[in-house]
Amino acid sequence: MTAEEVAQFFRTHPQFFDQNPELLETIFVPHPHGGRAIPLAERQILALREKVKLLEGKLGELIQFGEDNDAIREKVHRLCTALLGARDFAACGQALHFHLREDFAVPHVALRVWGKSVAADFDEAQPVDEAQRLHAGTLGAPQCGPAAGNPFVPWFREAAEHVRSVALVPLGQTAVFGLLALGSEDPKRFFPEMGTLYLRRIGELCAAGVTARL
């Protein structure tokens, strides 16, 4: 009788050990971590403990993810409240920069708006060349990745040489009229595979705030 046949027998006869309970105490198997042989029942208990430990670890991860998401949602809510309370475009820009820097710990923020009546003395009104506008218009959604070779990194001015990763958030749903660029010295802060749900929400809030005040 092969090992597979034995295994198949136990799978098709689950009542076997109910009918022969003494075997659970007399059959010995190797301990999973080496050493002495142990009864089959004890081996089952160890297996269950391992499963419980694994499930506890996964539960801990889920709880941590939930707590992290709650914290981010609270930050987005504070940003939303600040943008709603901004009396003009200048206050809107200040609120955006403040909350991204203080709440979200993003050290470098650059916002550019085109096709709208932004006063020339605002940083947001700085010229954006046609290639950059076209690039922003093709993003479709927030994009994250390394700073090397990114055409928008110069927007960070004197900090540009220190930025190692960026997130680009296009503004506008039917037609892109601006771009929010976030930069970090940490090369792993913004990476291509990261989730962008909250970046998209921030972009929508920013676009709504800008549109309402121009």
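The table that follows gives values for the structure above.
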{"item": "Some residue of segment 185-203 being open to solvent by less than 20 Å² (accessible area, probe 1.4 Å) and polar (S, T, N, Q)", "result": "no"}
{"item": "Any helices (runs of 4 or more DSSP H) falling wholly within segment 1-103 and containing at least 3 residues that are modelled with pLDDT of 85 or more, touching a helix residue (DSSP H, G or I) at 6+ places or on another chain (Cβ under 9 Å) and open to solvent by 70 Å² or more (accessible area, probe 1.4 Å)", "result": "40-85"}
{"item": "Where Phe156 falls short, out of the listed (1) within 23 Å of Ala90 (Cβ to Cβ); (2) open to solvent by 30 Å² or more (accessible area, probe 1.4 Å); (3) not in a loop (DSSP other than H, G, I, E, B)", "result": "(2)"}
{"item": "Hey, Ala120 among the small types (Gly, Ala, Ser) and assigned to a helix (DSSP H, G or I) or not", "result": "no"}
{"item": "Total residues in segment 160-195, condition out of contact with any strand residue (DSSP E or B) (no Cβ under 7 Å at 6 or more places or on another chain) and of a type in the set (S, T, N, Q)", "result": "2"}
{"item": "Residue match in segment 139-149 (condition: in contact (Cβ under 8 Å) with a residue 60 or more places away in the chain, in a loop (DSSP other than H, G, I, E, B) and under 23 Å from Gln94 (Cβ atoms))", "result": "yes"}
{"item": "Residue under evaluation Arg164, criteria (1) touching a helix residue (DSSP H, G or I) at 6+ places or on another chain (Cβ under 8 Å); (2) in contact (Cβ under 8 Å) with a residue 12 or more places away in the chain, criterion not met", "result": "(1)"}
{"item": "Filtered residue count, segment 115-147, keeping only those that are at pLDDT 95 or above and open to solvent by 90 Å² or more (accessible area, probe 1.4 Å)", "result": "0"}
{"item": "When residues of segment 164-176 are limited to those that are part of a loop (DSSP other than H, G, I, E, B) and either of a type in the set (Ser, Thr, Tyr) or touching a Ser or Thr at 6+ places or on another chain (Cβ under 8 Å) (or both), the one most open to solvent (accessible area, probe 1.4 Å)", "result": "Thr174"}
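The values are calculated or read from the model by the stated rules, or taken from the named source; none is laboratory data. None of these values were measured; they are calculated from a predicted model. Here the Cβ is made from the backbone with ideal geometry for all residues, glycine too, and neighbour counts use every protein chain on show. Just so you know, the surface numbers come from the protein's heavy atoms only, side chains and all, with ligands and any DNA or RNA stripped out. Shrake-Rupley method; radii C 1.70, N 1.55, O 1.52, S 1.80 Å.
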